[in-house]
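To start, the structure itself, in structure tokens.
Where a number appears in this text, it was derived from the coordinates with a stated rule and is not lab data. In this text, all values refer to a predicted model and were calculated from it rather than measured experimentally. Cβ sites come from the backbone with ideal geometry, for glycine too, and all protein chains shown count toward neighbours.
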Amino acid sequence: MNAVLRNMIVSAVLLGLFAVIAAALLAWTHEATAPRIAENQRQAVLRQLHALVPPASHDNDLFTDVTHVRAPRALGSDEPLPVYRARRGGRPVALVLTAIAPDGYNGTIRLLVAVRHDGTLLGVRVVDHRETPGLGDAIDERKSDWILGFAGKSLADPPPEQWRVKRDGGVFDQFTGATITPRAVVAAVRRALEYFQHHRDELFAAPAVTEDSAHP
């Protein structure tokens, strides 16, 4: 065996060893950090939910008392979306629906829509969007208080035909230079309320599921 061939074999073996060691380190790092990442994600979701449904109003774990539904026309997505249930003493208190406004100015807008058992909105939050900074991003609570105006509303107040922005004959404010974004959010919240109205009892009765089992 000449020196060149021997060096090539040694280099290949060393590279292989480095690859095995690197893969082992990555696997170990993933195993070590996965529980912490999962807990951080859980706490982030709970903060969003508790901003809408205060912890004092329920005694169950919102994060685990969750079901998933496919309702493309009502909730805006072909994928299963989580519905979180709040209960106190086993009795239903509120639902937090995940709803998608598919027709935002720059794409989809993901919402959490919290509804009391009586059909009154506890509140709405935008959890993901790509709307234009300085215009459409006023739907974000960190940018303006516009989204807080949904609290206390229902399909009876205002009636369904007035669930529009003022430019379209409704009661909700639009933004200067950006009507499409609030129009999309108002329509998505109205559809979520209608879905709640027709499916409230079955949503509370549905068995709890995990994220993994929601995606066959």
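What does the charge count around P207 come to, taking other residues whose C-beta lies under 12 Å from its C-beta (Lys +1, Arg +1, Asp -1, Glu -1)?
Details: positive: R85; negative: D65, E202.
Summing Lys and Arg as +1 and Asp and Glu as -1 gives -1.
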Once you list every other residue whose beta carbon is under 10 Å from the beta carbon of R164, what net charge do they have if Lys and Arg are +1 and Asp and Glu are -1? +2
Taking the C-alpha atoms of the stretch 58-205, how large are the radius of gyration and the largest Cα-Cα span, Dmax, in Å? 14.9, 47
Selection of trypsin sites (Lys or Arg not before Pro), the stretch 134-216, meeting DSSP coil and at most 11 other Cβ within 10 Å: R142
Under unit Cβ charges (Lys, Arg +1; Asp, Glu -1), what dipole magnitude, rounded to 20 debye, does the stretch 62-159 have relative to its Cα centre? 440
Pairwise centroid distance, computed over Cα atoms, of the stretch 60-112 with the stretch 138-182, Å: 20
Skipping prolines and chain starts, which residues have an amide H placed within reach, meaning under 5 Å, of the one on A178, given they are 5 or more residues away or on another chain? none
